[in-house]
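Written below as structure tokens is the structure these notes are about.
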Amino acid sequence: MAFSLKDKVCKVIDSYRKEDPENNVVNSERLLSIGSGIFITINGITKLFSNPLLAMAELGVGAMLLDRGITGHCVIKEATEKPQDASISTNAPMSTAETAVDSTVAAALGTGNS
């Protein structure tokens, strides 16, 4: 046996200690994901023969939560977060259409940008 359970546990604990730029899940979320992933997975296993469709869904969700907790990376969270890219700026110059709409709104409100 090349890797023992102790080595795997030590690897997971070490991953909590170091900051990895790929991780987008904080340690408290990771612990909650592992705990709830274990609970949902066990719940899915117990329902495997009585309600197989629900059990398969629970096994899938439980596995995703376990993966999220162990790796510290969540694809769903990454997709829903606002982009942190420096090339995207909120102070970008307005297009011609935006300038026309802005001046029309200002004229309608009587604030006038003359």
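The values are calculated or read from the model by the stated rules, or taken from the named source; none is laboratory data. Note that this is a predicted model, so its numbers are computed, not measured. All Cβ positions, even for glycine, are placed from backbone atoms using ideal geometry, and neighbour counts span all protein chains on display.
Just name the residue that is nearest to LYS8 (Cα to Cα) out of those in segment 26-81 that are among the acidic types (Asp, Glu) and not in a loop (DSSP other than H, G, I, E, B).
Residues of segment 26-81 that are among the acidic types (Asp, Glu), as a first pass: 29, 58, 67, 78, 81.
Now restrict to residues that are not in a loop (DSSP other than H, G, I, E, B): 29, 58, 67, 78.
Values: GLU29: 20, GLU58: 25, ASP67: 14, GLU78: 26 Å.
The selected residue is ASP67.
Among the residues of segment 10-48, those that are aliphatic (A, V, I, L, M) and at pLDDT 70 or above comprise VAL25, VAL26, LEU31, LEU32, ILE34, ILE38, ILE40, ILE42, ILE45, LEU48. In segment 51-78, what residues are crowded, with 18+ Cβ neighbours inside 10 Å and among the charged types (D, E, K, R)? Result: GLU58, ARG68.
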